[in-house]
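Notes follow the structure.
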Amino acid sequence: MSRKHNLLQNTFVVFFLMIPFALFSQVATVSSPDQRLLVKFDLHDSVPVYQVYYKNKQLLRPSQLGFLLNSQTIATAKYHLDGNITSQTISETWKPLYGQFSEIKNQANQLQIHLVQNNRPFYRFSIIIRVYNEGFAFRYYFPEQPNLKQFTITDELTEFNFAKDYTAWWMKDDGGIYEQLFQRTPLSKVKNIFTPITLTDGDSLFMAVHQAALIDYAGMSLVRSAKDSLRLKCDLAPWPDGAKVKTWAPRYTPWRYVLIANQLSDLVESQMILNLNDSCTYKEVSWIKPQKFTGIFWAMHTRQWTWADGPLHGATTAHAKSYIEFAAAHHIDALLMEGWNRGWETWAVGDSSVQDFTQAYPDLNLAEVVAYGKQKGVEIIGHHETGGNIPLYENQMSAAFKYYSSLGIHSVKTGYSGTMIPRGMNRHGQQMVNHYQSVVDTAAKYRIMIDSHEPIIPTGLSRTYPNWMTGEAVRGMEWCNFDPWPPSHLTTLPYTRSLAGPFDFTIGIFKLKYDTLRPWLRVNTTLANQLALYVIFYSPMQMIADLPENMEHNKAFPFAETVPVSWDETRLLQGSIGEFSVMARRKHQQWWLGAITNEQNRDLHIPLNFLSAKQRYVAEIYADTLGTDWYNKPETIAVAKYSVDAADTLHAALAKGGGLAVRFVPVDKSKTKNLPGMGVFNQLQATNSNAFAQGTLYGFKTKVSHLAVGAKVTYQAPYSPDYAAGGDSTLTDGILGTQNCRDGNWQGIQGKDEVATLDLGKLKAVSSISLRFLQYTKDWIFIPKQVTLYISADGKTYTQVATETFETIAKDERALIHEFVVNLAETLVRYIKMEATNAGPLPAWHPAAGNPSWMFCDEVVVK
Ligand code: NOJ
Ligand code: CA
């Protein structure tokens with residue numbers, strides 16, 4: 001696919017210079033407009049390298065640049081300068097169609113260094129280095145040249161060689177859909193990761209590495225370099241034949257960039273990723289509009305309705321009309337309809353081969369629904385769940401968008417939830433990058449906006465193709481239906497995933513404990529926290545995900561109903577990675593504030609000096625209230641109005657897993673006479689704060705009744721979202737599960753080993769300990785590779801009493817239970833420790849080969 005615009009430089013060059021390279025004696029430097037950030041380019045033994053200084057301190061040590069092309073080897077990838085180094089100053093201000101700011105400044109200094117290979121075939125490429133106040137970026141350019149027409153990139157040698165072992169937040173590159181939790185480790189422990197990765201030295205230096213303008217190229221992951229542990233090397237997702245990129249000259253590559261700042265807010269507020277992308281390619285953009293939407297969606301995720309046809313089918317004409325009425329009554333722009341089309345029957349068992357994107361199920365008249373929506377002022381959002389079956393979708397794509405457009409549908413949510421077809425195609429490789437792009441291009445032809453789930457990670461392309469509104473690439477709300485995330489997931493995302501661009505988390509769950517049949521499933525936040533996410537998680541297509549009946553009469557709903565999804569101004573007021581986040585955003589004259597905390601309760605004092613000093617405001621405050629935390633009464637919320645101004649300081653007392661959301665409406669002073677002031681609210685907060693400190697702990701010891709022991713025992717494995725039956729019915733209730741792993745007495749853990757310790761409270765004469773493991777390969781449930789049991793009298797010295805290795809029988813689809821029993825002949829025991837090693841990724845014979853397997857463990861039964 002050729003992209004002309006990508007071959008042209010933007011035309012906002014203010015200043016242009018030709019610098020004879022002799023001046024630099026093989027070294028070129030370029031610094032940020034404020035002179036604080038400096039990038040040095042050099043050739044070390046004919047190898048191109050760069051290094052980076054911030055306020056005279058080295059942050060990146062010499063790091064390699066360049067490629068291996070065709071049959072080139074490291075030994076032959078040697079270069080020298082080829083003529084003049086060109087430099088330019090970039091200075092422009094532009095207005096995005098929607099975004100976190102209504103105006104964006106693009107100010108940087110840039111160098112372009114031209115290189116030629118020392119030996120035959122004398123390949124030539126250049127390196128473009130651009131330095132902003134908040135970071136630097138570089139990309140490569142292959143000019144037209146006789147010996148490089150069509151070619152293969154077999155490796156991109158780009159490195160990021162950090163000077164210190166910073167603390168890092170990252171997501172492992174598992175080849176998947178970016179739906180893991182972010183991990184925190186020292187940089188030196190990073191092995192293979194997706195970007196963005198966020199780094200800090202503690203509290204005065206913050207950095208993040210990511211890619212921008214990913215077009216017709218492979219996605220970049222990072223691997224620890226073999227040379228040393230602080231050096232990360234670019235790792236391009238390969239084609240099935242091992243090639244990384246198949247391309248031709250002339251060609252620009254995507255940007256690689258590093259954000260660098262002394263404060264976290266500079267990272268969060270940075271718009272560099274957009275500045276590194278070309279301006280909009282569409283001439284006419286009136287059809288592109290941010291949207292807030294509800295959906296026939298959560299009812300399927302909570303198993304009340306089905307995507308597929310049948311008695312519980314969700315996307316029927318009748319359901320759609322009633323959802324439209326709800327949306328219309330609450331000024332919600334649009335209704336997403338999942339499960340509207342034929343072909344979902346086999347999706348649940350991993351087969352997407354019968355999806356038909358132009359045929360509705362018989363109980364849905366889509367044209368009638370769209371017309372009804374139009375009459376009520378509610379747009380319909382279409383849905384294409386490809387299940388990862390790319391050929392099937394590419395065959396139907398044009399017809400499918402044409403069909404939607406003929407009905408008057410202007411936005412589509414896509415999905416790739418399933419194993420990729422063709423098998424062996426990398427989700428992040430050049431082929432898939434081009435696939436996602438061709439979906440956006442085809443949609444644009446039909447004036448359709450895209451929200452892509454299970455997408456390629458965003459790289460700022462919404463500037464160039466603004467109908468690519470948002471996407472997923474995040475462990476979103478849906479996970480609460482099978483493996484709820486901890487509250488700290490939400491306080492990590494603003495500083496990690498968010499840096500790559502908007503995401504559709506599907507926020508707005510009001511009934512947070514929703515599954516009476518599976519009580520361990522819940523959203524681990526308070527309701528005030530859910531509301532705050534509308535301010536903290538930016539997405540210009542943003543969902544109000546819950547069922548109308550759970551929202552309609554909820555006093556918290558007006559916040560979700562009125563909050564904008566695109567902003568004029570954005571500020572991170574306070575924050576700490578993984579701990580908390582306070583953001584304020586402005587739309588016209590109104591300000592909106594969101595504050596969230598992790599599993600710790602927290603007191604934050606927030607000066608309101610971001611408000612206009614000349615103005616009085618009504619603050620509509622939605623706050624955690626007594627008795628609320630992530631676990632108990634999460635839906636309780638206090639809602640009240642106060643009269644405030646820019647001189648006030650708001651005391652936000654947040655419950656564990658809690659939050660606070662505020663809408664600030666400027667008003668005439670006379671209209672606030674009867675409202676209490678900030679002091680009244682702050683007094684309430686002081687009382688709540690003490691109570692919140694007593695709230696339910698998350699991730700610590702829990703006491704549970706153990707039937708077999710006939711007493712309360714302490715379970716020391718942290719309460720973890722990995723245990724599907726966590727909470728009150730953990731591994732230790734002593735009730736043996738039935739063969740049906742879904743009955744709640746089994747604990748599922750995916751892709752991880754399990755260690756659990758039981759404290760029986762006092763020494764007991766134990767005659768046997770048993771554990772059971774389930775094998776059910778159809779549901780990806782494998783028995784552990786190894787199980788080891790230890791006992792202890794004092795909790796310090798443990799004695800191993802048994803160990804056993806297991807093997808899941810290949811191609812065996814039966815549900816089998818493997819029992820692990822240890823006879824102890826009345827030994828005095830107080831602590832019991834169990835270690836179970838996960839079977840690892842699903843083996844080659846399995847239909848979902850390569851995905852992480854589940855381990856299902858029944859109770860630790862002590863007799
Ligand atoms: C996964 C998506 O992330 C989710 O939003 C969607 O509802 C399901 N797939 C079904 O397509
Ligand atoms: Ca998903």
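List of remarks:
- Selection within region 359-407 - hydroxyl-bearing (Ser, Thr, Tyr) and within 26 Å of the chain's Cα centre (by Cα): Thr386, Tyr393
- Residue match in region 322-343 (condition: of a type in the set (Val, Ile, Thr) and part of a helix (DSSP H, G or I)): yes
- Boolean, Ala334 is within 30 Å of Ala560 (Cα to Cα), buried (at least 19 other Cβ atoms within 10 Å of the Cβ) and in contact with a Lys or Arg (Cβ under 9 Å, 6 or more places away or on another chain): yes
- Positions within region 605-624 being in a strand (DSSP E or B), under 26 Å from Ser576 (Cα atoms) and open to solvent by less than 10 Å² (accessible area, probe 1.4 Å), in sequence order: Ile606, Ala619, Ile621, Tyr622, Ala623
- Residue within region 283-295 that is away from ligand 2 (no atom under 16 Å from the Cβ), more than 30 Å from Cys480 (Cα to Cα) and not in a loop (DSSP other than H, G, I, E, B) present: no
- Pairing each residue of region 459-480 that is in contact (Cβ under 8 Å) with a residue 60 or more places away in the chain and within 16 Å of ligand 2 (Cβ to nearest atom) with any residue that is of a type in the set (Ser, Thr, Tyr) and part of a loop (DSSP other than H, G, I, E, B), provided the two are 6+ apart or on different chains, yields C-beta distances under 6 Å for Thr470/Ser539; Ala473/Tyr178; Gly476/Thr506; Met477/Thr506.
- Applying the criterion of being part of a helix (DSSP H, G or I) and within 16 Å of ligand 2 (Cβ to nearest atom) to the residues of region 419-438, the residue that is nearest to Ser539 (Cα to Cα) is Tyr436.
- Inter-residue pairs, beta-carbon under 8 Å, first on the phi > 0 side of the Ramachandran plot and in region 431-455, second away from ligand 2 (no atom under 16 Å from the Cβ) and open to solvent by less than 10 Å² (accessible area, probe 1.4 Å), 6+ apart: Arg447/Asn467
- The set of residues from region 185-217 being open to solvent by 20 Å² or more (accessible area, probe 1.4 Å) and closer than 26 Å to Leu842 by Cα comprises Lys189, Lys191, Asn192.
- Index of the failed condition, Phe401 passing every other in (1) buried (at least 17 other Cβ atoms within 10 Å of the Cβ); (2) under 12 Å from Ser352 (Cβ atoms); (3) more than 16 Å from ligand 1 (Cβ to nearest atom): (2)
- Region 480-511, residues that are part of a helix (DSSP H, G or I) and touching a Pro at 6+ places or on another chain (Cβ under 8 Å): Arg497, Leu499, Ala500
- The test for being acidic (Asp, Glu) and in a strand (DSSP E or B) holds for Glu826.
- Scanning region 83-140 for residues that are basic (Lys, Arg), over 30 Å from Val535 (Cβ atoms) and not in a loop (DSSP other than H, G, I, E, B) gives Arg124, Arg130, Arg139.
- Being touching a residue at least 24 places away in the same chain (Cβ under 8 Å) and among the small types (Gly, Ala, Ser) is a property that holds for Ala793.
- Every residue from region 445-493 that is charged (D, E, K, R) and either within 14 Å of ligand 1 (Cβ to nearest atom) or surrounded by 24 or more Cβ atoms within 10 Å (Cβ to Cβ) (or both): Asp451, Glu454, Arg463, Glu472, Arg475, Glu478, Asp483
- Of the residues Thr158, Thr195, the single one that is away from ligand 2 (no atom under 16 Å from the Cβ), under 13 Å from the mean Cα position of the chain (by Cα) and among the polar types (S, T, N, Q) is Thr195.
- Residue check, Glu835 of a type in the set (D, E, K, R) and over 29 Å from Asp351 (Cβ atoms): yes
- Of the candidates Gly418, Gly377, Gly408, the single residue that is surrounded by fewer than 21 Cβ atoms within 10 Å (Cβ to Cβ) and modelled with pLDDT under 95 is Gly418.
The values are calculated or read from the model by the stated rules, or taken from the named source; none is laboratory data. Fair warning: this is a prediction, and the values are worked out from it, not measured in the lab. Here the Cβ is made from the backbone with ideal geometry for all residues, glycine too, and neighbour counts use every protein chain on show. Please note that ligands, DNA and RNA were not included when accessible areas were found on the heavy atoms of the full protein model with its side chains. Shrake-Rupley method; radii C 1.70, N 1.55, O 1.52, S 1.80 Å.
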